[in-house]
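These notes concern the structure reproduced below.
Please treat every number below as a calculation from the coordinates, not as lab data. For clarity, every value in this text was computed on a predicted model and none was experimentally measured.
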């Protein structure tokens, strides 16, 4: 497999690139994607066997179940970051080692119910928050020390819309691989 093919599997929808100008329709679409994400995950994973949940989306990539559990972990952290940025002045957030979290016992569980339930409640709550942000709220920022830069709430909505689509594509790739990269 070529490096280009591996990158296509790693970033099946490409890497996130934020638009210079984010209009209301774009923001609406991003929030809609975030709101629908748990439903999309459930539809894709409801009828999978334990064997299928252990299929990888690329060689040496995470198993499908790890992707789902990762999304619950990641999006929980993201909601916290949004709330910090809304209630503090340009807070520095705490990064976490997502690769290490993906190896913990809860991320190895074949039962996806709890992570999907967490995503369902979390995204419902998150969507309410996102739908009611003012133009001033959208400009608020947090500092991500791992990247050494500030991110606005508005840009971060786009990042997490992309993140949802990115991992839905990983789940679809794992399913279509039919265990090719066990």
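Estimated from helical segments only, the mean residue ellipticity of the chain at 222 nm is -19500 deg cm²/dmol, where each DSSP H run of four or more residues counts as -39500 (n - 2.57). Rounded if a/c is under 1.5, else prolate if a/b is larger than b/c, else oblate: which is region 23-110, with a ≥ b ≥ c the root eigenvalues of its Cα gyration tensor? Judged from the Cα gyration tensor, region 23-110 comes out oblate (a/c at least 1.5, b/c at or above a/b).
Once the mean of 1/r is taken over each pair of separate Cα atoms and inverted, region 25-177 shows a Kirkwood hydrodynamic radius of 16.0 Å.
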